[in-house]
Amino acid sequence: MAVITEPLKNQADLLRRGLADLRAEDAELAAILDAEVTRQQHTLSLVSSSCAVLPRTLAASASVLVNVTAEGMSGKRHSAGCENVERVESLAIRRARQLFGAQYANVQPHSASNAVYQVLTALLEPGDTLLGMAVEHGGHLTHGSLAAFSGAYYKAIQYGTTSDGLIDYDKVRLLALAHRPRVILCGASAYSREVDFKRFREIADEAGAILLADISHIAGLVATGRHPSPIDAAHVTVTCTHKQLAGPRGGVILSGADANTKIPGLRTTFSRLLDQAVYPRMQGAPAANMIAAKAAALGYAMSAAFDACMAQIRSTADEMAKAFQAKDYEVVGGCSENHTVLVRLRGGITGAIAEAALGHCGIIVNRHRVPDDPRSAFVTSGLRIGTGALAQRRVDVHGSRQIVDLIVRILNTVAPLGEQDYTLEPLLLTQFRSEVETLCRDYPLADYQ
């Protein structure tokens with residue numbers, strides 16, 4: 001261990017010393033971390049569930065707040081020495097409320113999945129009915145999948161999309177009236193169109209249900225007015241901070257017009273019950289350093305630079321959807337109204353093959369099921385493409401078309417050997433990898449690393 005000869009003066013001193021110690025005393029780990037920086041710079045990420053964080057956010061996540069135990073909500077701590085945690089958490093709450101136009105915000109959840117479960121456990125008893133979007137139609141595991149807590153502990157009824165890939169709101173209404181769920185969960189992880197939160201609220205009110213909206217994938221578009229907001233339409237809204245908000249891994253719970261109203265069947269308000277659901281029901285001490293990183297990300301999300309990035313996300317998604325259609329690929333839903341382009345594959349190429357082959361060429365994508373998919377979630381017949389990281393690289397119209405053209409050429413060259421194995425000529429692999437390197441140089445991730 002390095003000998004400390006003088007006290008640390010500030011956060012910058014601590015980070016410099018930490019990096020120096022890491023390189024000197026744990027070269028193996030330092031090398032892996034450096035390799036990941038290189039990988040991200042030299043590959044094109046089309047993963048819809050992640051963006052790169054700003055260096056300032058990384059620095060905040062590495063702050064000395066990690067040393068502080070601060071159990072409890074802001075203003076109601078169970079430990080001493082929390083004065084700076086108080087300031088940071090209050091700042092993050094204020095920024096979250098301002099960014100989304102909410103009356104209530106809780107920034108302590110460790111993830112969006114945690115936030116969903118915290119809300120559900122507050123509002124539901126085991127065996128109560130939950131209506132959510134099926135995973136195979138674009139929903140999330142936490143929305144009632146039998147493979148997850150939400151499907152195992154509650155009576156989960158699932159709604160889906162039409163054969164065109166659109167939410168069937170009439171079917172949602174019929175299911176809600178037939179099953180009378182306590183909670184209706186709306187939002188998606190692989191849906192390319194706008195979600196009609198007002199329509200969901202009308203259905204929830206008619207069925208006597210509480211509406212929970214999950215905007216993890218579209219939070220940036222919601223915050224900048226490029227997607228309708230659920231804040232006042234839903235009773236409660238949750239989001240993560242690491243996708244479009246380009247922040248740390250973490251969750252936020254929000255509420256708008258219903259924040260201070262009494263919960264049907266209970267004597268308490270949504271805001272009071274939600275705080276209790278996070279602490280002490282589901283979590284102990286919050287990760288104060290990650291709350292600082294959330295504050296940094298939320299501050300950036302109110303900037304002109306962030307607004308420009310969200311505009312780029314939309315224009316890039318539009319352009320890529322059109323480019324795939326021009327290559328005779330089906331875009332599920334007919335177009336993109338957010339950041340997602342869900343593509344149905346063809347020619348015997350499965351999602352598993354496409355994901356692996358494109359990854360070897362330096363293009364990172366996710367396999368995903370499409371409507372009426374005969375294949376399992378481990379194989380799939382589609383690709384889920386997101387434009388967040390491309391927007392951060394400032395990929396323009398020309399670049400969007402280049403990337404789609406390269407993806408299609410790679411897929412046309414791959415020879416499938418069953419559902420998961422394939423061959424790709426080594427010379428072509430080298431050529432494709434070189435083209436990806438050129439695109440990475442043309443559109444660098446300079447602002448984020």
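Can you find, within the stretch 381-405, the residue that is nearest to residue 347 (Cα to Cα) among those that are surrounded by fewer than 20 Cβ atoms within 10 Å (Cβ to Cβ) and among the basic types (Lys, Arg)?
Here the answer is 401.
Please tell me if residue 38 is closer than 25 Å to residue 393 by Cα, buried (at least 20 other Cβ atoms within 10 Å of the Cβ) and out of contact with any strand residue (DSSP E or B) (no Cβ under 8 Å at 6 or more places or on another chain).
Spelling it out, it is not the case that residue 38 is closer than 25 Å to residue 393 by Cα, buried (at least 20 other Cβ atoms within 10 Å of the Cβ) and out of contact with any strand residue (DSSP E or B) (no Cβ under 8 Å at 6 or more places or on another chain).
For the subset of the stretch 51-81 comprising residues that are touching a helix residue (DSSP H, G or I) at 6+ places or on another chain (Cβ under 7 Å), polar (S, T, N, Q) and assigned to a loop (DSSP other than H, G, I, E, B), which member is modelled with the highest pLDDT?
Among them, the one singled out is 63.
Please find, among 346, 384, 367, 375, the residue that is assigned by TED's automatic domain parsing to the domain that holds residue 414, in contact with a Leu (Cβ under 6 Å, 6 or more places away or on another chain) and among the charged types (D, E, K, R).
Residue meeting the stated conditions: 384.
Of all the residues that make up the stretch 208-239, how many are buried (at least 24 other Cβ atoms within 10 Å of the Cβ), touching a Pro at 6+ places or on another chain (Cβ under 8 Å) and not hydrophobic (A, V, I, L, M, F, W, C)?
The qualifying residues number 1.
Please verify whether residue 251 is in contact with a strand residue (DSSP E or B) (Cβ under 8 Å, 6 or more places away or on another chain) and surrounded by 24 or more Cβ atoms within 10 Å (Cβ to Cβ), treating the condition exactly as stated.
Against the criterion (in contact with a strand residue (DSSP E or B) (Cβ under 8 Å, 6 or more places away or on another chain) and surrounded by 24 or more Cβ atoms within 10 Å (Cβ to Cβ)), residue 251 qualifies.
State yes or no: is residue 408 part of a helix (DSSP H, G or I) and buried (at least 20 other Cβ atoms within 10 Å of the Cβ)?
No: the conditions fail for residue 408.
Given (1) of a type in the set (S, T, N, Q); (2) over 16 Å from residue 50 (Cα atoms); (3) touching a helix residue (DSSP H, G or I) at 6+ places or on another chain (Cβ under 8 Å), identify the lone condition not met by residue 376.
Status for residue 376: all satisfied but (3).
For the subset of the stretch 253-304 comprising residues that are among the aliphatic types (A, V, I, L, M) and free of Cβ contacts under 8 Å to residues at least 60 places away in the same chain, which member is farthest from residue 113 (Cα to Cα)?
304
Of all the helices (runs of 4 or more DSSP H) wholly in the stretch 188-303, which have at least 3 residues that are over 21 Å from residue 98 (Cα atoms) and in contact with a Lys or Arg (Cβ under 8 Å, 6 or more places away or on another chain)?
Passing ranges, in order: 197-207.
If a residue has to be in a helix (DSSP H, G or I), surrounded by fewer than 20 Cβ atoms within 10 Å (Cβ to Cβ) and of a type in the set (A, V, I, L, M, F, W, C) to count, how many in the stretch 352-378 make the cut?
1
The values are calculated or read from the model by the stated rules, or taken from the named source; none is laboratory data. Keep in mind that what you see is a predicted model, and the values were worked out from it rather than measured. Heads up, the Cβs are rebuilt from the backbone with ideal geometry, glycines too, and the neighbour counts pull from every protein chain shown.
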